[in-house]
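Notes follow the structure.
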Amino acid sequence: GHMKVTVDTGLPMMRPLFIDFPSDACALPDPSDELSTVLIDQFMFGPDLLVAPVTELNATSRTVCLPLLPPRMLWRHWFSNVTYAPTESGRSLQTVTLETPLNSFPLFVKEYY
């Protein structure tokens, strides 16, 4: 599967968003935009998982930027099963803020519907 692709191509399993979403505003942080720079630590783990680590001490929530997906695809939060379908709105960021209890963190999987 995905590890074979990593071995064969050198494409890392853990990679910045711009590899999978080269023209998405989520993947191209704007240094002049405070929110954009906060989102720079998000990454893909393989082609299907988006990880947004909680790195702030005592944080109770985390804002995540969800890149646009092809038609008939959406993002599903791994722990809550809540789905998100970002819509095209120019280059504005598609964000969602999630609670971050100790037993959950922002982890999303791409899915077809």
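The values are calculated or read from the model by the stated rules, or taken from the named source; none is laboratory data. Quantities reported herein were computed from a predicted structural model and do not represent experimental measurements. Counting neighbours? That spans all protein chains shown, and the Cβs are built from the backbone with ideal geometry, glycine included. Accessible surface is based on the protein model in full, side chains and every heavy atom, while ligands, DNA and RNA are left aside. Shrake-Rupley method; radii C 1.70, N 1.55, O 1.52, S 1.80 Å.
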Notebook entry, point to check: What is the gain in length, in nm to one decimal, between Asp8 and Leu68 on full extension, counting 0.36 nm per residue of separation less the C-alpha to C-alpha distance?
Noted result: 18.9 nm
Margin query: Give me the dipole magnitude in Debye, nearest 20, for the chain about the Cα centre, with unit charges on the beta carbon: positive for Lys and Arg, negative for Asp and Glu.
Written below: 340
Note to self: Please give the Cα centre distance for region 1-52 versus region 58-76, rounded to the nearest Å.
What the structure shows: 12
Notebook entry, point to check: Which of the trypsin sites (Lys or Arg not before Pro) across region 1-95 are loop residues per DSSP, with 11 or fewer other Cβ within 10 Å?
Noted result: Arg72
Notebook entry, point to check: Carbon and sulfur: what percent of the chain's accessible surface (1.4 Å probe)?
Noted result: 61
Next item on the list: Between Ile19 and Ile40, with labels modelled 7 Å along Cα→Cβ, what's the label distance in nm to one decimal, could you check?
Entry: 1.9
Check: Which order do peptides 7-14, 44-51 fall in by mean Cβ count within 10 Å, highest first?
Finding: 44-51, 7-14
Next item on the list: With log10 I(q)/I(0) by the Debye sum over Cα atoms at q = 0.09, 0.23 Å⁻¹ in mind, check (1) -0.27, -1.28; (2) -0.24, -1.42; (3) -0.70, -1.15 and report the label derived from this structure.
Entry: (2)
Margin query: Given a Förster distance of 30 Å, report the FRET efficiency between Ser32 and Ala59 from their Cβ-Cβ distance, rounded to the nearest 0.05.
Written below: 0.80
